[in-house]
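The values are calculated or read from the model by the stated rules, or taken from the named source; none is laboratory data. Please read all numbers here as calculations on a predicted model, not as lab measurements. Methodologically, a virtual Cβ is constructed for each residue, glycine included, from the backbone with ideal geometry; neighbour enumeration extends over all protein chains shown.
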Amino acid sequence: MSKPYNNKAWWFVLPVFVLVAFSAIIPLMTVVNYSIQDTFGNNVFYWAGLEWFQEVLASDRFHNALGRNLLFSTIILAIEIPLGIAIALTLPKKGFWVPVCLVLMALPLLIPWNVVGTIWQVFGRADIGLLGHTLMSLGVDYNYATNIFDAWATIVVMDVWHWTSLVVLLCYAGLVSIPEAYYQAARIDGASKWSVFKYIQLPKIKRVLLIAVLLRFMDSFMIYTEPFVLTGGGPGNSTTFLSIDLVKTAIGQFDLGPAAAMSLIYFLIILLLSWVFYTVMENYGAEKSDPRVEQD
Amino acid sequence: MARISLDQIAHSFNPRPSSEADYALKSIHYQWDDGGAYALLGPSGCGKTTLLNIISGLLTPSNGRVLYDERDMTLLTPEQRNIAQVFQFPVIYDTMTVAENLAFPLVNRGVERAEINKRVAEMLETLELEEKANRRAQGLTADEKQKISLGRGLVRYDVSAILFDEPLTVIDPHMKWQLRTKLKTLHEQLGYTMIYVTHDQTEALTFADKVVVMLEGNVLQVGTPEELFDQPAHTFVGYFIGSPGMNIFPGTVVGNTLKMGSVDVPLNKGYAECAGKTEIGIRPEFIRLTTASEAGSRGLKFNLRSVEDVGRLKIVRGQAEGVALNVVVDENSDIPAEPYAVFDAERVCVYQNSMLADGDILSTESRT
Amino acid sequence: MLELVGVSKRVGTELHISDVSLTLERGSLNILLGPTLSGKTSLMRLMAGLDRPTRGGITLDGKDVVGVPVRRRNVAMVYQQFINYPAFTVYENIASPLRLAGLDKQTLDAKVREAAELLKLTDYLQRTPLNLSGGQQQRTAIARALVKNADLVLLDEPLANLDYKLREELRVELPRIFGESGAILVYATTEPYEALMLSGKTATLCEGRVTQFGSTINVYKQPVDITTAQIFSDPPLNLAKVQKTPATLAYGEQPLGNVKGDLPNDDYTVAIRPHHVSLNPSECYSVKLKAVVSTSEISGSETFIHVETEHDRWVLLTHGVHRVNTGDNIDIYVDPSRFYLFNASGALVHSPVNTSDAA
């Protein structure tokens, strides 16, 4: 259905355009500018062409960081999406407990990234942290600062704790909008719980699920603050994700050219993967219906 | 298939009902014969859908029992009762094809593949959906979707009953005719007990052998379409059935004469005096408009207000002796310049305290 | 006066509205009749200014309104769904367009109460819509459209979600309520009977085209083509493909009698309304046909009998209760003076003469 037209609407959008131009497009152009030049300070620039891009793309350091990112996002999606759906399915649909559950679910989302990192940093310490201490007393040799597996596990658990709620809330919104008649019909058809999920609930929450996957993918692929606060990219380089690597290159080593090229590549990868996710999920079970025929 | 009995069914959505007003269903006692076509007719909020859901097992009644033949089913699920139900909005499984939709209830019940294929093929033919068998059900029109919902019930062969909850609401008029006729034919062919909930009198009357008219959680009358039309047991039934409904107005009846102002209208039955209010009911179809000379002494001078030509008929609205009357006349009949209304004495119903007088007609099932 | 000249609306590759020209007078009731997706809502959106036509012009009282945003047009719309402000009382709901117009308190109060009185809402003014029945909710939406005193009032299947009996009542009231306001009233419906009850003028729509526009009863009685006749028939029309010879209309082997007037010998489609087929022969109903009963429906005072003739499915609408069984062979009778004839391209070439049209 087309929207009503009104040329005045453009005036309302204009401030956002200006804002986006200043906050995104201009810095992005600066980054492009850096990525194709070389400088030795003093504001003197030399044309470098695609040299930085070639260097970054060929470096093991970049490959390793990219690999870590992909692994991390995969783990995050593999845990948070099914877990989020599962929790959403178990939440009550009406009654007194609905607002209570929703508020509890929303709580982790309200906590800033760096605070989450700090909380877990303390929580996981073997000497004073509840988690670390408990694990130690159970005989588990847990130390996120020295053990690669422990570091990864802590970051993953931290992210799951922080963000699964988002998936839950989105899926819940999708689930409650399914008309009661679908469940009743399924009961009458003798459908099992699994069939109800597969043939009614999943198809009906497909759209919100797509949004959840996209949001969680983009966000987990850009992870920075939590590992930065918790492990600082260590032990070794084991939790040095692209974003951390980027900052190290740009600010730690002051290699602005490679850093700019890297951030552009990073940006394009996110764009590309998001587009892939979107098309795949959108076309899953395609044969689009005429939207005007939809009854609900 | 089974005979379905409702034994003193009452239902309240309030877990601790304190007064009768808390009950969506007051007290329903009725038996649905095996293989009958029934309609539950009434305005929104009369409890008809609640009653249907109690029969199907989607809802457990607060009081009373539901029996299929002699078996107590009150606490059993729809699946255990083996019924099928079609809802107001078509329910289809979007990701499945038409054929898979029809096969779904059989697959769930572990029917053999060969048998499933055979029955689905038959059902596709019955519903005239063969060409769309392998299309995804999502893109179909509303009436096709509704046929699939129906087909998922019919394909099971052994269902105890098929229940319909206003199944034609979202269907266009032309398709309504086709689907309704299809239902009627299927009922004759397959002999399932069918119970059809609707607020639309045409749907109820044309579909059912017996219509149950409900109001505010009570059954007002159970009868064949003719009975409901000719002898409405309650003024509400008279008003609700027919378009326009029955003319109902307060009147004075002395013996076998109806006093309308200065005019005495003869009735063909005598009525005893009654303490409460007396009302007269006459259907617009049974009033004739004619000239003064032809009408004679029983003619009521008719002040004509409007004539609505609705094609097949004309609806004449006006007043006689201070009473608003609707009259229905044939498309070709002429209305005299100074019309007089004449009641068909056979068809005048007298109501005392809203109930049809001579009161043995009201079915005992509705009173408890 | 609202004038649409050659209006088309294309969305993507689909033509939702195709070359529609209509002139709607002030104070008139105009019905858009057609099945779902025939373009009723699309046409209303164009009239309201919610959409811009791809081609063609729309003028209100001679002024071009294409491109004028809906906010600056004086338009009211009522939808099939009951749309009210859920947090407002009925009073505030009705008052909302008046508050926007900046009316003083007393005039506003008087207008709200007047509208509430007309729509029988006086007792419910302090309730919120959620505590009302569907009929009362829709009355509230209608009252809001009424007080706005709009030039153009668009009602998109406003009674579709209401009970049958409520529909019957509102159908009688609506034209009267809006009749006095002098607005151009446009009313979309899928139901032929509703159009006939409302009277006024009717435009029949099919696949985005207006097939005919004229006084409702005339469109019903004199449809210009077979599409219009079918849209405007509930129950559906009975059709028979015939070949005209000088002596008769041949329906396969079966002669169907003849119609008056000079029609060339050709192939035609005969259309007969269901209530113009009889179970009993009479002077008029003189042509006999054989048919097999497929099913019958009794509505209390009438019987619908669905039959198969040699070539087609027909339906008879007969007075009184007739018991026939599926599979019965019965004789049915038709009256050639009741025939509509359409030529090969679907245009009306012959229609019954109606004796009571003079009235």
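Here are the numbers:
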| quantity | calculated |
| --- | --- |
| Residue match in segment A:73-89 (condition: of a type in the set (S, T, N, Q) and over 28 Å from A:Leu242 (Cβ atoms)) | no |
| Boolean, B:Leu150 is more than 19 Å from the chain's Cα centre (by Cα), away from every other protein chain (no Cβ under 11 Å), under 21 Å from B:Val107 (Cβ atoms) and among the aliphatic types (A, V, I, L, M) | yes |
| Scope segment A:163-186; condition in contact (Cβ under 8 Å) with a residue 60 or more places away in the chain and either touching a Phe, Trp or Tyr at 6+ places or on another chain (Cβ under 8 Å) or not in a helix (DSSP H, G or I) (or both); matching residues | A:Pro179 |
| Which listed residue, of A:Thr154, A:Thr146, is of a type in the set (Ser, Thr, Tyr), touching a residue at least 40 places away in the same chain (Cβ under 8 Å), assigned by TED's automatic domain parsing to the domain that holds A:Asn237 and assigned to a helix (DSSP H, G or I) | A:Thr154 |
| Exclusive hit being in a helix (DSSP H, G or I) and within 26 Å of B:Pro43 (Cβ to Cβ), set B:Arg180, B:Arg152, B:Arg119 | B:Arg180 |
| Which numbered condition B:Glu321 misses (of (1) among the charged types (D, E, K, R); (2) surrounded by 14 or more Cβ atoms within 10 Å (Cβ to Cβ); (3) out of contact with any helix residue (DSSP H, G or I) (no Cβ under 9 Å at 6 or more places or on another chain); (4) at pLDDT below 85) | (4) |
| Candidate set: segment C:19-31, residues that are more than 14 Å from chain B (Cβ to nearest Cβ) and buried (at least 19 other Cβ atoms within 10 Å of the Cβ); chosen: the one farthest from C:Arg73 (Cα to Cα) | C:Val20 |
| Selection status of C:Leu103, closer than 20 Å to C:Ala141 by Cα and without any contact (Cβ under 8 Å) to a residue 24 or more places away in the chain | yes |
| Matching residues, segment B:75-93, being surrounded by fewer than 17 Cβ atoms within 10 Å (Cβ to Cβ) and either touching a strand residue (DSSP E or B) at 6+ places or on another chain (Cβ under 8 Å) or over 22 Å from B:Gly110 (Cβ atoms) (or both) | B:Leu75 |
| Any chance A:Glu282 is modelled with pLDDT under 75, surrounded by fewer than 11 Cβ atoms within 10 Å (Cβ to Cβ) and either out of contact with any Phe, Trp or Tyr (no Cβ under 8 Å at 6 or more places or on another chain) or under 30 Å from B:Ile171 (Cα atoms) (or both) | no |
| Strands (runs of 3 or more DSSP E) fully within segment C:125-211 counting 1 or more residues that are buried (at least 21 other Cβ atoms within 10 Å of the Cβ) and within 14 Å of chain B (Cβ to nearest Cβ) | C:184-189, C:201-206 |
| Enumerated helices (runs of 4 or more DSSP H) restricted to segment B:210-310, each holding at least 1 residues that are more than 14 Å from chain C (Cβ to nearest Cβ) and either among the hydroxyl-bearing types (Ser, Thr, Tyr) or in contact (Cβ under 8 Å) with a residue 60 or more places away in the chain (or both) | B:292-295 |
| Flag if C:Thr326 is among the polar types (S, T, N, Q) and part of a strand (DSSP E or B) | no |
| One residue from C:Arg127, C:Arg167 being farther than 30 Å from B:Gly318 by Cβ and of a type in the set (Lys, Arg) | C:Arg127 |
| Selected residue (only one of A:Phe221, A:Phe228, A:Phe217, A:Phe254 is aromatic (Phe, Trp, Tyr) and over 28 Å from A:Phe149 (Cα atoms)) | A:Phe254 |
| Residue selected from segment C:292-345 under the condition among the small types (Gly, Ala, Ser) and more than 18 Å from B:Gln178 (Cβ to Cβ), by the criterion modelled with the lowest pLDDT | C:Gly300 |
| Search result, residues across segment C:294-335 that are at positive phi and out of contact with any Phe, Trp or Tyr (no Cβ under 9 Å at 6 or more places or on another chain) | C:Gly320, C:Gly327 |
| Every residue from segment B:153-200 that is away from chain C (no Cβ under 14 Å), buried (at least 21 other Cβ atoms within 10 Å of the Cβ) and free of Cβ contacts under 8 Å to residues at least 60 places away in the same chain | B:Val155 |
| Residues of segment B:128-147 classified as away from chain A (no Cβ under 12 Å), out of contact with any strand residue (DSSP E or B) (no Cβ under 8 Å at 6 or more places or on another chain) and either of a type in the set (Phe, Trp, Tyr) or part of a loop (DSSP other than H, G, I, E, B) (or both), total | 2 |
| Tabulated pairs, segment C:149-168, first not assigned by TED's automatic domain parsing to the domain that holds C:Leu43, second part of a strand (DSSP E or B), C-beta under 8 angstrom, 6+ apart or interchain | none |
| Any chance A:Pro82 is under 21 Å from the mean Cα position of the chain (by Cα), part of a helix (DSSP H, G or I) and under 20 Å from A:Gly174 (Cβ atoms) | yes |
| Extreme residue, nearest to the other protein chains (Cβ to nearest Cβ), among residues of segment C:4-18 that are within 20 Å of the chain's Cα centre (by Cα) and under 14 Å from C:Met47 (Cβ atoms) | C:His16 |
| Among residues of segment B:84-102, those that are more than 7 Å from chain A (Cβ to nearest Cβ), of a type in the set (A, V, I, L, M, F, W, C) and touching a residue at least 40 places away in the same chain (Cβ under 8 Å), counted | 4 |
| Any hit, segment A:191-206, residues being under 22 Å from the mean Cα position of the chain (by Cα) and surrounded by fewer than 21 Cβ atoms within 10 Å (Cβ to Cβ) | yes |
| Enumeration of residues in segment C:255-277 that are touching a strand residue (DSSP E or B) at 6+ places or on another chain (Cβ under 6 Å), outside any loop (DSSP other than H, G, I, E, B) and buried (at least 17 other Cβ atoms within 10 Å of the Cβ) | C:Tyr268, C:Thr269, C:Val270, C:Ala271, C:Ile272, C:Pro274, C:His275, C:Val277 |
| Search result, residues across segment B:274-317 that are more than 30 Å from C:Arg273 (Cβ to Cβ), touching a helix residue (DSSP H, G or I) at 6+ places or on another chain (Cβ under 9 Å), modelled with pLDDT of 90 or more and surrounded by fewer than 19 Cβ atoms within 10 Å (Cβ to Cβ) | B:Lys301 |
| Residues that are part of a strand (DSSP E or B) and free of Cβ contacts under 8 Å to residues at least 40 places away in the same chain, drawn from segment C:278-306 | C:Val292, C:Val293, C:Ser294, C:Thr295, C:Ser296, C:Glu297, C:Ile298, C:Glu302, C:Thr303, C:Ile305, C:His306 |
